[in-house]
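The values are calculated or read from the model by the stated rules, or taken from the named source; none is laboratory data. It should be emphasised that the depicted structure is a prediction, and the values quoted were computed from it without experimental measurement. So basically every Cβ, Gly included, is an ideal-geometry build from the backbone, and we count neighbours across all protein chains shown. Accessible surface areas use protein heavy atoms only, side chains included; no ligands, DNA or RNA. Shrake-Rupley method; radii C 1.70, N 1.55, O 1.52, S 1.80 Å.
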Amino acid sequence: MLPVFLVMQCLGLTLSAMDLGDVAASSAFHQLLTSVLSFQQYFWPVAMAASTAIHLARAYGDDPIYVVVLTLSLMILAFLSSLGPEAPAQNWGWMMLASVLLPSAAVACMRLVRRGMPRLEFGDLSQASPAMARTLANGTPFAISLCLLAWPATLLPSSTGPLAGIFEWLPAWLAVVVLTALGNVAWWMGMNGAGVMDWASGNALHHTMALPGVSLADLDNVFNYIGGSGATLALLVCLIWYQWRKPGPKVWRWALPLHVFNINEVLTFALPVVGNWVFFLPFVLAPTLNALITYLVVAEWQWIPASGSWDVTWVIPHFLKPLLLGAPLEKVWALQVVLFLLSIVIYRPFVKRWVQQEQLGEAAWDLANRMNLGPGLEVFSEARFVKRQDAQHDWSRQAHAALKLLREGQLSMHYQPKVDVHTGRVLGFEALLRLQDAAGRAVAPQGFLPSLERVGFGDLLDLWVVRRVVEDVERWRAQGVDAPVAINLTASTLCNAESFARLMSTLAKLPPGMLQVELLESSLIEEPELVRARLMDLRTAGVRVFVDDFGTGYSNLALFHSAEVDVVKVDRSLLMAATEPRGERLYREICSTLHRLGYDVVAEGVETTAERDFVAHCGVSAIQGWWVGRPVPPEDVPGTLKDLALRFGAA
């Protein structure tokens, strides 16, 4: 949104220049610019509301679509109850306030409604149409929240602001301080503080005169907002002061050209200042002190007499405004300089602390320079930033490609048997997800699973797999076949309360022991306490817990102990390394250690008779791999069981 806003501001600068040049208001280009800027008054708060709603929804785990729709619905209701397009300035103020209040209220209300509602179960509808079930599950709290917030939202566009009488019940100097402080708090939150406070105070600063023909709003424009809200020209100077010779990205380089015209959004949003507690105090304090001093000097002590209007366009560079005033030039400049220096003094310690937090300290850079690393570190830091951005873009592209494969292809389940290494008795199967693309070609799991898990779709795939496995097991049981099946779960399923609840309800459809769970070692590291609690719930329900691909991750036995794992599956990579003497000793030691610690051990990737004999001598209890059998579709599982029983002579 920031680039769009900056384009709008550049158009505003053009319109201001045309006004200063006395270009006829009837010209086509002038009218076009006026229309575009009128559109901006509505676009910016609506865009801010949508952006805030998305960020808050993601932060609190809500569906962004429903939160955005609820926020915009409330804003539309409020607009319909307002004075409409006939009062653009009035609408600008309350809509900017609404851009923060309504998303916050929407998220809070939906969370409270969900917490107070009984859990919705849709039974067969969830099986027939998961999308419809999700729509009803999210749509119900949405509808209730809309009803609860509709009336409060219509109160926002009040015709008289809540602070309209502030100059009647507060001394004038204190009212100026309060309005300035509140306005800059609004700016710090990302709203247009001037518009919000004009609406809230009923344009009190514009209607109250400091001198004949000079309003308090004129004083703000000429003296207080040095470089825009928060007196951020002082912040810019402090940044240049501390970052001039520092390596790393420098936001002030991009902010400076527009800052000259008091447009500070590049700095406030990109640094950022908005929402940054480090800069909250100076951002509010500097213009507030400026307002108090200006009021005392001009209105109370009348040190600067006025001989004409002080109504100057806000985009005129700050220290050029005195040239357009009807007032003694040297006195106006003197007060501007004093306030500017005061703002620098206020900002300086906060900027110094921020720079120390964001960059390496002076001692570290001195050491880097002595090691001949200093000059290149800025390049390296930029390169690292670009590399991270490229990686994020790659993940996004891979995720979109994987989603396209899912839409156009066909997911299916295959099952690979596990047998007792000594008797050949079938101990169960591992469920493996398979995908065929639109052309019928098989897509390896590595081609789509990691990308989808990385962007948060792991739990959705897990739930789909569990549902299909339960259906297949029920079908086999109807044919007299009882074979436990192990399903692979991701950490996202264990850590997401709703996904885990659905998993448990699905597992409850089968007798205890019929389903097993396999986890990668990395899944035990994410939120270990929560994962341990979830695994305890699974074990209580009769589910055995396997650690998959041992030897490819951290190989941290302490993790297994804390998570109370039942079975460890040793990865084929260790078996392949056992062709060398050192690798053979390592494989034997791993199996021996795991047995002494009380774990059952499964050897993965057994493909030859020699490998089967080797792992049997190492003490594994079960084997899995192509020597036993390749993965088969669900309809072939009963036949596979019979074939394995004949092959090994085991029932």
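Some notes on this structure:
- The length gained by stretching the chain between Leu460 and Leu136 to full extension, at 0.36 nm per residue less their Cα-Cα distance, is 114.9 nm.
- Measuring with a 1.4 angstrom probe and ignoring ligands and nucleic acids, Cys147 comes out at about 110 Å² accessible.
- Principal axis dimensions, segment 509-644 - Cα atoms, whole angstrom, descending: 41, 40, 22
- Looking at segment 222-270, the accessible area is 37 square angstrom per residue; that uses a 1.4 Å probe and ignores ligands, DNA and RNA.
- Each principal axis of the Cα cloud of segment 584-651 was taken in turn, and the coordinate range along them, longest first, works out to 39, 24, 22 Å.
- Three-way shape label, segment 287-332, alpha-carbon gyration tensor, a/c 1.5: oblate
- Principal axis dimensions, segment 428-496 - Cα atoms, whole angstrom, descending: 40, 36, 16
- Legend: calculated FRET efficiency, Glu589 to Glu635, from the Cβ-Cβ distance at R0 = 30 Å, rounded to 0.05, equals 0.10.
- In units of the rule-of-thumb radius 2.2 N^0.38 Å, segment 402-541 shows an alpha carbon radius of gyration of 1.09.
- Estimated FRET transfer efficiency when R0 is 30 angstrom, pair Asp437-Glu498 (beta carbons, to 0.05): 0.45
- Normalised convex hull volume, segment 201-281, alpha-carbon set, Å³ per residue: 116
- Estimated inter-spin distance, Leu323 and Trp254, nm [label 7 Å along Cα→Cβ]: 3.0
- Cα-based shape type of segment 250-309, given that a ≥ b ≥ c are square roots of the gyration tensor eigenvalues and the cut on a/c is 1.5: oblate
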